[in-house]
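Here is the structure we will look at, set down as C-alpha cells.
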Amino acid sequence: MTLAFDNTYARLPDHFYARLAPVPVAGPRLVKLNTALALSLGLDPTALDTPEGLAVFAGNQVPAGAEPLAMAYAGHQFGHFVPQLGDGRAILLGEITDPQGTRFDIHLKGSGRTPFSRGGDGRAWLGPVLREYVIGEAMHALGIPTTRALAVVTTGEPVYREATRPGAVLTRIARGHVRVGTFEYFAAREDHAALRRLADYVIARHDPALAEAEQPYLALLDAVIGRQADLIARWLGIGFIHGVMNTDNMSITGETIDYGPCAFMDTYHPETVYSSIDRHGRYAYANQPRIAQWNLVSLAQSLLPLLDEDPERALDIAQTAVDTFMPRFEQAYLAVFRAKLGLMDEQADDAEQIAGFLAALAADNADFTNSFRALGEVAAGNETRWSDGGAIAAWLPDWRARLARETASPAERAARMRRANPAVIPRNHRVEAALNAAVDGDHVPLDALLRVLASPWEMRPEHAPYTQPPQPHEVVQQTFCGT
Ligand code: AMP
Ligand code: MG
C-alpha cells in the first residue's frame, strides 16, 4: 500500500501543530472500507483491504511519506471562546492528490491522546464513528459538500463513556482541516505573522486565484462567506441540523465537518433541535444562517490585522464583507427552495411562496422531506394527498396560480422537483436502529441503509421503507455528540 503523500501543512511553522504519531491499538479490525471513495481518490481498494491497510487505519503503522501531526486551533463553543482546542483525538497523516489534481487530507479520528486532549481520552467509539460514516455518505449523495469516511476500524480496546463501548477509529477524507477556529487561535495570540502564513496557505491551497486579487485576504474572507452562504442554504434544503456549529467545526473549505449530534428533521418545525447539549436551541434548524454569520464575524475579526493597517478601516472592511452574508445566503436559499417548489422562473413572490408552504407544513405537522417530494407528484398530477383540508390544502391554489404563470410543462417541472427533493434522507430512527445493530455485530441493516442513501433521489421499491417517518414510539428525541 503506497500513498503519494505531499504534506504541505507539515511545512508550516512548528507552532501550527504538534508532531506525533497515532497511539497504537491492541486489536484492530476493519469494519468498513469505502470502496467508492477509495476509487475516486485513485487508491486501489484491494491494497487498502490488507493487514497493512488495517494497520494504517488503526494508527498502528504510519505509512511511508506521512508526517503525522495534530493541528492547533481555538474556537467559540456555544458562544464562549476557548483559546486552545486543537486535535485532541485526531491526527492528520498527510495529504494526497486525487486523479483530478484535488488535494485531500487523510485524517484519523479517535487515534489517541495528543497535546491538545485536555481531559479527554483521545478516543472515539464505534457508534458515533459509524454515524459520521453514514451521514457523510448521505450528504455526499445529496450533493452537499462534506468530509467523508474512507474506513472504520475497531480497536479491540474499550472506551469508557456512559457505559463501556467498543473503541473505533475513523479515517476521514477532507479537502482541508483549517477551521474558523484555526484563525482564531493565532488571532487570540496576536501572532500576526502566523495569521498571514495561515491565510497565505489557505489561499494557495484552496483559492489560488485570489492571490492575484487586489486585497487577497479580503478576497479570502469573501470566498469563505460565499461558501458558507451556499452550504447553509443546502443544509436547510434537506432539513439538516448540524447540531454543533461551533467555530472549530466550521471549515474554511465550505465542507460540512464534524458530524456529532447532527440530525435530519422529520416533521417540519423551524425551531427543531435534537442535540442533547444544545439546551437553548442556539443551533436549531432555522437558526443556522444566523449562527453561520456569527461564526463568520469571528473569522472576520481574526483577520482584521490582515485587512488594513488602520484598525478602524480594517473594521469597516470586515463589516462590509460580513454584511454580504445574509443577502448571499438568501439568494442561495431562494435558489434551493425555488427548485424544491418547482418554481422555474424567478418572480417577486418567490420568498412568499416558500414561506407559505413552510408555514403550512408547520401548521399541519407535516413531514418535511415527504411533503416536498409529494408536491412534485402533485405538480405531475400523480398525487392526490391534501385533498381533505388542512393548511397545505389551503395553500395549494396559490401555488397552482403561480405555476400557471410559468411556461414549463408539468412533466418538466416534476422532473426538476424530483432532483431537488430527495425521496430518502438518513432518518434518525433508521440511523439509530442501524447503528445499534452494527454495534451489536449485525451489519445487515447498516449496509442496507447505506445502499439506499447512495441514491436518495430515486424511489425504488427498496427505498420505500426508508421514506417512512418514525412511528410515535420510534421518534428520536435527542442525539448525542458521543465524544
Ligand atoms: P468536537 O465537539 O468533537 O468537535 O470536539 C471539540 C474539541 O474537543 C476538539 O478539540 C476535540 O479534539 C476535543 N475532543 C473531543 N472528544 C475528545 C476526546 N475523547 N479526547 C480528547 N479530545 C477530545
Ligand atoms: Mg470538532
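The values are calculated or read from the model by the stated rules, or taken from the named source; none is laboratory data. What you see is a predicted model; the values in this text were computed from it and never measured. Cβ placement follows ideal geometry from the backbone for every residue including glycine, while neighbour counts extend to all protein chains displayed. All accessible areas refer to the heavy atoms of the entire protein, side chains included, with ligands and DNA or RNA removed. Shrake-Rupley method; radii C 1.70, N 1.55, O 1.52, S 1.80 Å.
A few points about this structure:
- Tyr285 satisfies every condition listed in (1) of a type in the set (Phe, Trp, Tyr); (2) open to solvent by 40 Å² or more (accessible area, probe 1.4 Å); (3) under 27 Å from Arg373 (Cα atoms) except (2).
- Residues located in region 245-267, provided they are closer than 29 Å to Glu474 by Cβ and within 15 Å of ligand 1 (Cβ to nearest atom): Met245, Asn249, Thr256, Ile257, Asp258, Tyr259, Gly260, Pro261, Cys262
Let's see how each residue does on (1) within 20 Å of Gly112 (Cα to Cα); (2) surrounded by fewer than 20 Cβ atoms within 10 Å (Cβ to Cβ); (3) touching a strand residue (DSSP E or B) at 6+ places or on another chain (Cβ under 7 Å):
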| residue | (1), (2), (3) |
| --- | --- |
| Arg29 | yes, yes, yes |
| Ala36 | no, yes, no |
| Leu48 | no, no, yes |
| Gly53 | yes, no, no |
| Pro68 | yes, no, yes |
| Gln84 | yes, yes, no |
| Ile91 | yes, no, yes |
| Thr97 | no, yes, yes |
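- Filter result for the condition that a residue is open to solvent by less than 20 Å² (accessible area, probe 1.4 Å), free of Cβ contacts under 8 Å to residues at least 12 places away in the same chain and not hydroxyl-bearing (Ser, Thr, Tyr), over Ala300, Ala314: Ala314
- Subset of region 228-244 (residues that are within 16 Å of ligand 1 (Cβ to nearest atom) and among the charged types (D, E, K, R)): none
- Scan region 248-276 for residues that are more than 12 Å from ligand 2 (Cβ to nearest atom), open to solvent by 10 Å² or more (accessible area, probe 1.4 Å) and under 24 Å from Phe183 (Cβ atoms) and the total you get is 2.
- Number of positions in region 233-247 that are within 11 Å of ligand 2 (Cβ to nearest atom) and open to solvent by 10 Å² or more (accessible area, probe 1.4 Å): 1
- Hits in region 438-453 (condition: open to solvent by 70 Å² or more (accessible area, probe 1.4 Å) and of a type in the set (A, V, I, L, M, F, W, C)): Val444
- Some residue of region 368-377 being assigned to a helix (DSSP H, G or I) and in contact with a strand residue (DSSP E or B) (Cβ under 8 Å, 6 or more places away or on another chain): yes
- Selection over region 211-221 of residues that are open to solvent by 40 Å² or more (accessible area, probe 1.4 Å), assigned to a helix (DSSP H, G or I) and either of a type outside the set (D, E, K, R) or in the same structural domain as Asp105 (by TED's automatic domain parsing) (or both) gives a count of 2.
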